[in-house]
1. For the range A:327-335, check the following and say yes or no: at least one residue is surrounded by fewer than 23 Cβ atoms within 10 Å (Cβ to Cβ), basic (Lys, Arg), at pLDDT 85 or above and in contact with an Asp or Glu (Cβ under 9 Å, 6 or more places away or on another chain).
2. In this structure, is B:ASN143 on the phi < 0 side of the Ramachandran plot, open to solvent by 40 Å² or more (accessible area, probe 1.4 Å) and assigned to a strand (DSSP E or B)?
3. From the list A:ILE253, A:ILE348, A:ILE352, A:ILE286, which one is closer than 21 Å to B:PHE53 by Cβ and not polar (S, T, N, Q)?
4. If you go through the range A:10-34, how many residues are closer than 30 Å to A:GLU271 by Cβ, out of contact with any His (no Cβ under 8 Å at 6 or more places or on another chain) and either open to solvent by less than 50 Å² (accessible area, probe 1.4 Å) or of a type in the set (Phe, Trp, Tyr) (or both)?
5. Looking for something under 26 Å from A:HIS212 (Cα atoms), open to solvent by 80 Å² or more (accessible area, probe 1.4 Å) and in a strand (DSSP E or B) - is there at least one such residue anywhere in the range B:147-165?
6. Given the options B:THR477, B:THR462, name the one that is β-branched (Val, Ile, Thr) and either over 23 Å from B:ILE343 (Cβ atoms) or open to solvent by less than 40 Å² (accessible area, probe 1.4 Å) (or both).
7. If A:VAL260 satisfies every condition in (1) open to solvent by 20 Å² or more (accessible area, probe 1.4 Å); (2) β-branched (Val, Ile, Thr); (3) at pLDDT below 85 but one, which is the exception?
8. How do the pairs read when you match residues in the range B:41-57 that are facing another protein chain (nearest Cβ under 7 Å) and assigned to a helix (DSSP H, G or I) with residues anywhere that are open to solvent by less than 70 Å² (accessible area, probe 1.4 Å) and among the small types (Gly, Ala, Ser), using Cβ under 7 Å and keeping only pairs 6 or more apart or on different chains?
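The values are calculated or read from the model by the stated rules, or taken from the named source; none is laboratory data. Only a predicted model underlies this, so the values are computations on that prediction, with no experimental measurement involved. Note that we place each Cβ from the backbone using ideal geometry, even for glycine, and neighbour counts take in every protein chain shown. Areas reflect the complete protein model, heavy atoms only, side chains present, ligands, DNA and RNA absent. Shrake-Rupley method; radii C 1.70, N 1.55, O 1.52, S 1.80 Å.
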Amino acid sequence: MINNLNPLKNYNWWSNIDKLILISTLLLLLFGVISMSSINQHFDGKFYFSADLLLKKHLIFCIVGLVIIFVLSQFSLKHAIYFSLFIFVLSIVLCVAAIFFFPETKGANRWIKFYNLSFQPSELLKPSFIVLSAVLLGRYKIKNDYSFFLNILCLIVISSLLILQPDFGMFILIFAVWLIQILSSNINLKIIIPIVLSFILVFLLCFFTLEHVKFRIMNFFFSEVGDNYQISKSLDSFENGGLFGKGIGEGTISKNLPDVHSDFIFALIGEELGGLFAILIIAVYIAIYVRIHIISQRSNNFFIVTSLTGLANIFIFQVIINISSSLNIIPTKGMTLPFISYGGSSFISSSIIIGFILLLIKEEKNAK
Amino acid sequence: MFKSDGINYDNVRPKANLLSSKKINFHDKKDLIKNMKREKNLSFSKKSNLIFFLLCISFSFFISFNILKVTYKKKINPSTVQTKTKINRGKILDRNNEIIATSIDTNDLYVDIKKSLDKEKLKNVLSEIFRDKESIFFERIFNKEQYSLIKKNISPTELNKLRTVGDPAIKLHESNKRVYPQHNIFSNLIGLKTNELISKIEKNMNKELVEGKNLKLTVDLRIQNIVREELYKSLIEYKAKAALAVVMNVKSGEIFSMVSLPDFNPNYPESILPKTENNLNAEARYEMGSTLKIFNAAMVYESESEIQFNEFDISDGYQITNEKHILDDHIDEKILNFDDVFIKSSNIGSVKILESFGPKKQKKFFKKVGLTENLNIKGLNVVSNKLPINWESHSKFISYGYGLSLSPISLITAFSSLVNGGYKIQPLLIKNTNNQKDLKVFSSETSKKINDLIHKIVMDGTGKKAKVRGLLIGGKTGTSKKVEKGNYSEEKKITSFIGVFPANSPEFLTFVLFDEPQKNVSNSKETTGGNTAAPTFSKIVKKISPIITKDNYTKN
């Protein structure tokens, strides 16, 4: 076992990497490029984009994402944790900057802007916080010291930043994944119950103070409260596409759907590629998820189990929330579909998640 | 397995000052990260992870199932998307191709506020154009900064005003709207179609209309207009609660006019009240009263019974049941012959005629005429007639028109067979859907005798006020008391007149009915079919007869 100090083993990147996850990710990237090239023809000029800018930008994101995955998966555990600590602190600083120093866009202070590039730092919080939380939990299980309260402190800081922005969906996402981590770490119920209660309190507060949260939830349950233009268009797209789709570039309804390139990309896929293909895409996501879980069930390292499942959950939750919103199963929440939607921040964040996952799986294999 | 000698690069040993807390000490001899093999913790963690894993997977299956459901729906109805965008809903026309209902192209107005050049200006302009919207409405939309609907089906004037604004935030979506150029005239017959509502012919014939086919009806705009106008005048004059009228060809069954008052304007769906929305001709039923007596006469003629030469003593009244004793107060004579029973409309005479036949024959006869079966007319919603549960005990009441609730259209259909030579007919509302066979249910003799009898009723009997100069009219009045709190009311009545012309060989039938008329033309205390419905019949027929006797209104 000392052999895993052998540097040669780590340099053999291809034999150590999990091929299923890597290939699935590449497939998703391909679907994303296909959808984006279809939207591209339609968006030309509409959003003051110069020709092909949307597709060009998306291709750049793809390359950046692949580089991130490649580099991260070569890291060692130790470096990965240092790295996540680094981006955690960085993104918190940037979030604060976004709230106080940058102008409001679309009614929220989520973005920081340099020239034409805008970036959403809260996307980076997701993977880094989950990894750090797994570290702290692991420590708490052994030593029973203050690390758990440090964990809660981190969560409070993140939550208050996200609600101030406001980015309610991201808050729910991070909290849900964190709660699952806590629940599966066998923490004393006396600690968990107050956490859940205070979450409910925060939720109710948000419901009554944040106008758009209330609007969306009311709109979902009592559809006459407002116009649900996006949702009805999205469902129309699926209906129009049928089981086999209209063909790439033939979609008409989804092209007129606001935010089709980011939050409602799945409606475009439904219309152009068809319902069966849409299910195939879900199957690709599920394949990644199942693979991660099988490996985590085999592992006997608490940190790897907790962080792997946490990252897998955050990944699949994003998929589920996005797809369910576009099918009107849950209230609308603007959340991107990993690797398919347009958007640099979410692309980088998803790449970090997959990079971490590949790294953890590699370490798990090497440990045996 | 792992030695904490500081060489193992897998170990993480953050310095204490990194997290600026002295309590938290990452430097740990026990190999924090790699060596946490607490079996108990691990197995618990794995088990609970498995639960969440299964939850996620099953939710994904749920989503996939939803996708299948949404996308598979399209297979069943492949034309939905195309009809929405391309085919306009078909027109509804009368028999002379006058437009009753049509669709026009309009626009729905949306705003995409994010794209606006000058939000304040846009808000002011919009609230200027759409003054009926409250200012809080715009306030809310402009605060939301979303893609929002302002108004559906905007008018051309509004559209022109919007075009002069020139703001990229204004988005127009193509749409269309159903309009009814005749306003109230056909409302209870056609119904209406808006984005949310659909009723009557628009609903029943929706399949054809959606495909873009025009629908040609047998009704005539001119006749319908005359009938509605006269009926409306009478409704006001008699202070009645409701009124209805039908004009029909007794041989082909074509309906030329069908009016039900009060009615509504289908262009303004918000103004529809519950009492105005029904087509009383088909969607209501009444105890018709004396009009049904004519079926007794037909029964006698058809069986060629000797009773038509008898005389009837009506002076003492008639004890039907222990509680019910009827009198004919309105008749001065004490002895009536067979024809007089109908001309004077004697209840006692009718019961006595029935006595010699019995309830079974009566029921059989009613079945033959078609009063017991459900009418099925394309485009109309016809309620079924309410028959007594126990025919035997009610048969005497039925002989003078009580105990049996009929929809006006079914009475008219049955009556047509009596006068048209004995053929059963099927009422027609939609042109070229005629598939009826000539089914003879009476002999021509019976029909001829009935025609003579109803002509006499108009000449000398209760229907005198139905006369029209220059036309031979035959008809029968009807007056019945309404049931109120379980008893027959003396005040509230249904008065009706069913008449045909020309009486020697009837072609056309007109039926008029008033619900709770309070006044009448002769200013007498008794309100009857003879002094309410009959005069209205006369006015209607006088005006429509020149139009209706043209060639294309008769059969063949």
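1. No, there is no match, as no residue in the range A:327-335 is surrounded by fewer than 23 Cβ atoms within 10 Å (Cβ to Cβ), basic (Lys, Arg), at pLDDT 85 or above and in contact with an Asp or Glu (Cβ under 9 Å, 6 or more places away or on another chain).
2. Details: on the phi < 0 side of the Ramachandran plot: yes; open to solvent by 40 Å² or more (accessible area, probe 1.4 Å): yes; assigned to a strand (DSSP E or B): no.
Against the criterion (on the phi < 0 side of the Ramachandran plot, open to solvent by 40 Å² or more (accessible area, probe 1.4 Å) and assigned to a strand (DSSP E or B)), B:ASN143 does not qualify.
3. On the way: A:ILE253 fails: closer than 21 Å to B:PHE53 by Cβ; A:ILE348 fails: closer than 21 Å to B:PHE53 by Cβ; A:ILE352 fails: closer than 21 Å to B:PHE53 by Cβ.
Checking each option against the conditions leaves just A:ILE286.
4. First, the residues of the range A:10-34 that are closer than 30 Å to A:GLU271 by Cβ: A:20-34.
Imposing the further condition that a residue be out of contact with any His (no Cβ under 8 Å at 6 or more places or on another chain) reduces the set to A:20-31, A:34.
Pick out the ones that are also either open to solvent by less than 50 Å² (accessible area, probe 1.4 Å) or of a type in the set (Phe, Trp, Tyr) (or both) and you get A:21-22, A:24-25, A:28-29, A:31.
The total comes to 7.
5. The initial filter retains those residues of the range B:147-165 that are under 26 Å from A:HIS212 (Cα atoms), namely B:147-152.
This time we only want the ones that are open to solvent by 80 Å² or more (accessible area, probe 1.4 Å), so: B:152.
Filter once more, so that each one left must be in a strand (DSSP E or B): B:152.
So far as the range B:147-165 goes, yes, one or more of its residues are under 26 Å from A:HIS212 (Cα atoms), open to solvent by 80 Å² or more (accessible area, probe 1.4 Å) and in a strand (DSSP E or B).
6. Numbers: B:THR462 fails: either over 23 Å from B:ILE343 (Cβ atoms) or open to solvent by less than 40 Å² (accessible area, probe 1.4 Å) (or both).
Of B:THR477, B:THR462, the one residue that is β-branched (Val, Ile, Thr) and either over 23 Å from B:ILE343 (Cβ atoms) or open to solvent by less than 40 Å² (accessible area, probe 1.4 Å) (or both) is B:THR477.
7. A:VAL260 satisfies all of (1) open to solvent by 20 Å² or more (accessible area, probe 1.4 Å); (2) β-branched (Val, Ile, Thr); (3) at pLDDT below 85 except (1).
8. From the range B:41-57, the pairs are B:SER45/A:SER184; B:SER45/A:SER185; B:SER48/A:SER184; B:ASN49/A:SER184; B:ASN49/A:SER296.
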